[in-house]
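Visitor: First the structure, which I've put down as structure tokens, then a few questions once you've had a look.
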Amino acid sequence: MKLRIYRTLWGLVDQTDGNKAKSPHHHLETALPALKSLGYDGVEAPLKFILYFGKDKFKDLLRQHELKVIIMVFTDGPNAPGEGILFGGPYEGFTRPSQPGDTNKEDLIETHFKVFHEQVQMAQEFQPTLINSHSLKDYFTEEMAEQFFSKALAWQIEMGYTVHHETHRKRFLHSPWLSRQFVPKHSNLTMVADLSHWINVAETSADDLDLTQVIEDFAPRFRHVHCRVGYDHGPQVPDPRAPEWISYMEGHERWWDYIWEAMRQQGIEEVTMTPEHGPPNYQICHPYTQEPMGSIWDINHWVALRRQVRFAELYGLENTSDLVPSETQGLHPPTVPGQSVLKELSRVGFK
């Protein structure tokens, strides 16, 4: 089993609020070669952003820097290509997503499916590693979700498309407790684990035995991990490197370990992850100055480095990804998972 680490474009360049996050890069033309030099395997980006940036230009950059892509699709909202507001649009050939106030259940289900279907089909053009879908809304009834997922899962399996559905606030799988009831009814439903949302929705800590049980039970269903650290009262701690937040980091690491082990037991050959701490307003800022309380560029790289260390400890140094420390961020501060492999990594030149 091999580890492949992707980097989110969110908060990376000016077009994706990288300026708010104080990213060292303003444009993809400099950001992508920098990510490649740090050892990342690819990037994760919304399809709508790719359309906005330019499909051919995006493909050329990926090819030039030998990077792969994970594509995000959204069944409604401003990230759907059939809507305007964010990243241009509406784009030709895409259905306008459902609007606030729409109440016809059948129309809502059909529109969400069309918006999903169109994006997943176009995404194939980029030969994505996988597709991460933000599916439905949190207010959908279980009956409505049943209709959507029955149709969507049957179609994606028929077509051979690799699509996983994210555990995200505002989406149907926003809650661990709702998911606990719904997911077992669909044997083919696989997910992207963004557990920062579940800890927030449950308003609890990483030591919560009930939440941990749900995550352990669903570990075989997760196929990609968004490594962001959430907490009781928000989906993103100000800085997971800080002493007051390390326990949350280590709790998430234990959950992520469960998922990796479930993948190993299923014989999955490659596992993917994306460190996904986001820019302001996701990132908390100092009042008045609006200075982020932590460097998103460094935080995401630190999380990625920590996971690489942990993977080496669990599954062998030869099976990890190839990340190296950046000029501004290395392995420290260390966390408990992975400590025993630090000496070996240092021996082979990983400082």
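The values are calculated or read from the model by the stated rules, or taken from the named source; none is laboratory data. Predicted model, so just to flag it, every value in this text is computed and none were measured. FYI the Cβ positions are ideal-geometry reconstructions off the backbone, even for glycines, and counts take in every protein chain you see.
Visitor: Only residues that are more than 19 Å from THR328 (Cα to Cα), touching a Ser or Thr at 6+ places or on another chain (Cβ under 8 Å) and not charged (D, E, K, R): list them for the stretch 10-45, please.
Guide: Passing the criteria: TRP10, GLY42, VAL43, ALA45.
Visitor: Taking the residues in the stretch 288-302 that are modelled with pLDDT of 95 or more, assigned to a loop (DSSP other than H, G, I, E, B) and not hydroxyl-bearing (Ser, Thr, Tyr) as candidates, determine which candidate is farthest from GLY330 (Cα to Cα).
Guide: Initial filter on the stretch 288-302 (modelled with pLDDT of 95 or more): 288, 291-302.
Next, only the ones that are assigned to a loop (DSSP other than H, G, I, E, B) stay: 288, 291, 293-295.
Now drop any that are not not hydroxyl-bearing (Ser, Thr, Tyr), which leaves 291, 293-294.
Values: GLU291: 22, MET293: 19, GLY294: 15 Å.
The selected residue is GLU291.
Visitor: Are any of the residues in the stretch 204-222 free of Cβ contacts under 8 Å to residues at least 40 places away in the same chain and on the phi > 0 side of the Ramachandran plot?
Guide: Start the filter on the stretch 204-222 by keeping residues that are free of Cβ contacts under 8 Å to residues at least 40 places away in the same chain, which leaves 204, 208-211, 213-214, 217-218, 221.
So of that shortlist, the ones also on the phi > 0 side of the Ramachandran plot come out as none.
No, that holds for no residue.
Visitor: Can you tell me which residues in the stretch 140-157 are in a helix (DSSP H, G or I) and either out of contact with any helix residue (DSSP H, G or I) (no Cβ under 9 Å at 6 or more places or on another chain) or hydrophobic (A, V, I, L, M, F, W, C) (or both)? Step through it out loud before you land on a result.
Guide: If we filter the stretch 140-157 for residues that are in a helix (DSSP H, G or I), which is where we start, we get 142-157.
Scanning the stretch 140-157 gives MET144, ALA145, PHE148, PHE149, SER150, ALA152, LEU153, ALA154, TRP155, ILE157.
Visitor: Moving on. If you take the residues of the stretch 279-329 that are small (Gly, Ala, Ser) and closer than 25 Å to THR162 by Cα, which of them is surrounded by the fewest Cβ atoms within 10 Å (Cβ to Cβ)? Explain how you work it out, then say what you get.
Guide: First pass over the stretch 279-329, keeping only residues small (Gly, Ala, Ser): 294-295, 304, 312, 316, 321, 326.
Those still in the list that are closer than 25 Å to THR162 by Cα too: 304, 321.
On the way: ALA304: 24, SER321: 21.
My answer is SER321.
Visitor: Sticking with this structure for a sec: If we scan the stretch 262-276, do we find a residue that is over 24 Å from HIS164 (Cα atoms) and either of a type in the set (S, T, N, Q) or not in a loop (DSSP other than H, G, I, E, B) (or both)?
Guide: Of the residues in the stretch 262-276, the ones over 24 Å from HIS164 (Cα atoms) are none.
No, there is no match, as no residue in the stretch 262-276 is over 24 Å from HIS164 (Cα atoms) and either of a type in the set (S, T, N, Q) or not in a loop (DSSP other than H, G, I, E, B) (or both).
To keep it simple, each residue is scored yes or no on (1) at pLDDT 95 or above; (2) touching a Pro at 6+ places or on another chain (Cβ under 6 Å); (3) closer than 20 Å to GLU166 by Cβ.
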site: MET1; (1), (2), (3): yes, no, no
site: VAL13; (1), (2), (3): yes, no, no
site: LYS20; (1), (2), (3): yes, yes, no
site: HIS25; (1), (2), (3): yes, no, no
site: ALA31; (1), (2), (3): yes, no, no
site: PRO46; (1), (2), (3): yes, no, yes
site: TYR91; (1), (2), (3): yes, yes, no
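Visitor: In the stretch 202-219, how many residues are surrounded by fewer than 20 Cβ atoms within 10 Å (Cβ to Cβ) and within 17 Å of the chain's Cα centre (by Cα)?
Guide: 0
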